Every structure is written in structure tokens, then in C-alpha cells.
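First the structure, in the form of C-alpha cells, and then the observations on it.
What follows is calculated from the coordinates using simple rules that are stated; it is not laboratory data. This is a predicted model, so every value here is computed, not measured. When we count neighbours, we look across all protein chains shown, and the Cβ atoms used for this are built from the backbone with ideal geometry, even at glycine.
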Amino acid sequence: MKLAKHLTALSVALFVCGSAQAADTMDPELREKAGRAVDAGLRYLRAHQSEDGSWSESVGVTALALRAFIESHRGYNESDGAFITRPIGFIMANVREDGSISEIAQKKNYNTAVSLTALAATKNPDYATTIANGQKFLTGLQLDEPDGYEPDHKYYGGIGYGGDERPDLSNQYMALEALKATAADEDDPVWDKALTFVSRAQNYSETNDQEWAGNDGGFVYMPGYSPHEGLESYGGMTSAGLLSLLFAGADKSDPRVKAAYDWIRANYTLEENPGAGKQGLFYYYNVFAKCMYVYGETEIVDTNGVAHNWREDLARKLISLQQKDGSWYNPDSPRWWEGNKDLVTAWSVIALNAALRD
């Protein structure tokens with residue numbers, strides 16, 4: 001691991017592989033409105049922070065909220081006071097001997113991954129040991145030969161919640177995001193193994209060796225399974241899949257990347273989570289924003305030839321959905337914690353931070 005050497009040089013956690021963007025990627029008036037929306041969301045989070053520094057008594061939600069503050073245009077850091085140092089303290093208080101960071105036995109991957117990404121965003125070398133141990137925990141969750149999974153198994157290379165659950169693309173992308181943000185060794189076999197699993201969650205029979213695979217280029221939740229009707233691709237997982245491919249080293253010339261991006265072009269919308277309706281809507285906004293930033297193009301030309309500035313579209317949509325108290329939540333579908341204002345507000349601010357970042 002080269003973590004200790006590189007941690008202080010890290011840029012904002014996620015965006016280590018994003019390309020530079022020109023300052024005029026968003027209308028100035030809209031950029032100002034989006035910045036005010038971020039500020040209102042952060043005020044909501046600050047007003048609803050528990051005395052122990054947590055949000056919703058959850059390591060995962062706390063880490064996401066912390067990240068929202070640190071990555072914002074305000075550039076908050078530990079010198080700004082207790083509203084930053086207390087959540088870090090809460091996260092550190094839940095570091096386990098096995099390297100995981102979680103207040104519960106379930107969802108260890110999710111909680112550890114988002115915690116590592118938030119800690120990396122602080123750029124504080126004091127957390128280097130915690131991050132290195134967390135990296136080992138995450139890579140240890142990956143299913144491979146020592147776990148009885150050969151390369152031809154559909155779950156090979158996958159990462160799940162951290163218990164006995166099957167691996168899924170959502171947990172996979174979060175783990176890869178954390179490993180990328182914390183400068184995990186690029187030569188570690190975790191990346192190639194991850195590509196094997198990610199490829200098997202893609203509806204792209206040209207590169208997916210699973211019999212169920214279609215050929216629209218999008219992604220499902222796990223190989224051969226979707227929580228929605230049939231095995232149709234949907235927005236949240238397609239953005240997660242494309243982001244995972246990019247994190248794991250695939251470039252824009254890779255046929256899997258091309259196919260996933262073409263699915264996004266063919267299904268471009270921010271009115272819903274395409275393929276899933278209102279379910280997982282804010283999860284979709286969050287991962288879509290991060291994916292598009294890392295992909296590095298401001299303009300998406302859909303398959304009808306219509307050009308879309310995703311930054312402006314996303315900013316307008318999130319501004320329109322923000323509640324008067326500064327929060328966000330999903331009134332149409334509380335499934336997957338989208339009725340939790342702390343979580344959904346953190347996701348929304350992180351998405352806006354990506355849209356606003358040059």
C-alpha cells in the first residue's frame with residue numbers, strides 16, 4: 001500500500017480520476033442558486049446533528065454527511081469546529097479490530113467504504129492507519145478462490161454488504177470508490193477481479209458470459225437479478241456500473257464503457273430513475289452526478305441528437321425538489337432509506353458538489 005505516502009496529496013476523495021472542467025460549465029446565475037441550495041442543505045444537516053456528532057446514529061449516514069461538508073464549495077475542514085470534528089470522532093469510535101468501521105454487524109462494507117472516502121477527503125495523515133486497515137478489510141470481502149469461488153462463478157470478484165449476503169453492484173461500486181479515493185495500489189488484483197464481477201452485472205452479451213444477459217448495455221443489481229421487473233437495466237445501477245468500470249481501469253474506448261454510456265444516452269432523464277420510476281431516485285441522482293463527473297463530459301448528446309448539460313439539468317432538478325427547511329427526501333418512495341432526510345440530504349449535497357466542481 002502506498003497510502004501513507006500519498007494521502008496528503010490526495011484531491012477531494014472521489015474525484016481522483018475526473019478530468020478538469022472549464023469554469024463556464026454552468027450558467028452563472030444557476031451556479032449561484034445551486035451554491036445556495038448546498039448551503040441550505042448543510043444548514044439542515046448541521047441543525048439535525050446529534051450531540052455525539054452523528055446523523056441518524058449511523059456511521060454510514062454520518063460519513064456521507066461529513067463528506068457533503070468537506071467537498072462543498074465552502075471547503076469545510078477540521079479547523080472549522082465541532083460540526084466537523086465530532087462526526088470524525090463518531091466514525092473513529094466505531095473502528096473495529098478487523099479494520100471495518102461500523103456501528104452494526106450488518107452493512108459493514110457500506111459503512112466502511114463511505115467512512116474511508118470521507119476520511120480521505122479530510123487529507124489528514126492522522127487517519128492513514130485507519131484507512132490502510134479499512135482497505136484491507138474491503139479487499140478481504142471480495143469473493144475469490146480462497147472463499148471457494150472460481151473465476152467462472154457469477155459472483156467471483158464481487159463484494160456484498162459484508163456478512164453472508166450475496167455480492168451486488170451497489171456495494172461493489174462503493175468499495176471501489178473508497179479504494180480509489182484512498183489511493184489503493186493500482187496493481188492490486190482487486191481491480192481485475194472487480195472488473196470480472198462488474199462485467200457480469202451488465203446487460204451486454206458481447207462481454208458478459210452469463211446466459212441471462214441482454215444487449216442494451218445497462219446494468220442490473222447483481223448478475224441475473226434486479227429488484228425491479230424482469231432483468232431490465234436501470235439508471236442507478238447503470239451509473240454505478242459505469243463508474244465501477246472507470247475506477248477499475250477501463251477507459252472510454254472499452255466496449256463495456258461505450259455500451260454503458262450509450263444506455264445513459266438512450267435513457268437520459270432526471271424526472272425519474274430510468275427503469276425504476278421514483279424508486280431509488282436520490283440514490284440515482286447521487287451516483288449519476290459522480291459518474292458523469294468522472295466520465296469527464298459536461299454535455300451528453302442523447303440518441304435523438306439532443307444535447308444536455310447534465311450539470312445544469314441536475315442542479316435545476318435538485319433545487320426544485322429541495323424542501324423549505326433545506327432538506328431533501330423522496331415523498332414518492334421511501335424504499336431504501338429514501339424517507340430519511342439526513343441520508344437523502346447528504347446524497348443531494350454530494351451530487352450538487354459534483355455538478356458545481358470545475
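Some observations on this one:
- In this Cβ point-charge picture (+1 for Lys and Arg, -1 for Asp and Glu), the stretch 213-307 has a dipole of about 220 debye about its Cα centre.
- Each residue, ASN124 and ASP27, gets one label point 7 Å from its Cα in the Cβ direction; the gap between the two is 4.0 nm.
- Bridgeable lysines around LYS108 (alpha carbons under 29 Å apart, same-chain partners fewer than 8 residues away excluded): LYS2, LYS5, LYS123, LYS136, LYS154, LYS180, LYS193, LYS278, LYS290, LYS341.
- Euclidean distance of C-alpha centroids, the stretch 53-94 and the stretch 286-358, integer Å: 21 Å
- Descending Cα extents along the principal axes, the stretch 3-356, whole Å: 53, 50, 36
- Converting phi to 3J(HN,Hα) with the Karplus coefficients 6.51, -1.76 and 1.60 and the offset θ = phi - 60°, the stretch 55-70 yields 10, 6, 6, 10, 4, x, 5, 4, 5, 5, 5, 4, 4, 4, 5, 5 Hz in sequence order, with x at every glycine or proline.
- Backbone phi angles across the stretch 129-142, fed through the Karplus curve with coefficients 6.51, -1.76 and 1.60 (θ = phi - 60°), yield HN-Hα couplings of 5, 4, 5, 4, 5, x, 4, 4, 4, 5, 5, x, 7, 5 Hz in residue order; Gly and Pro are listed as x.
- Of the residues LEU143, ILE104, SER115, the one whose Cα sits farthest towards the positive end of the charge dipole of the stretch 96-143 is LEU143 (charges of +1 on Lys and Arg Cβ, -1 on Asp and Glu Cβ, taken about the Cα centre).
- One Cα centroid belongs to the stretch 210-250, the other to the stretch 120-144; the line between them spans 26 Å.
- Report summary: the helix-based calculation at 222 nm, which adds -39500 (n - 2.57) for every DSSP H run with n ≥ 4 and divides by the residues of the chain, gives -15000 deg cm²/dmol.
- Taking a straight Cα-Cα cut-off under 12 Å and skipping sequence neighbours fewer than 8 places away in the same chain, the aspartates and glutamates within cross-link reach of LYS317 are GLU271, GLU272.
- Extreme residue, positive dipole direction of the chain, given options PHE282, ALA93, LEU30 (C-beta unit charges): LEU30
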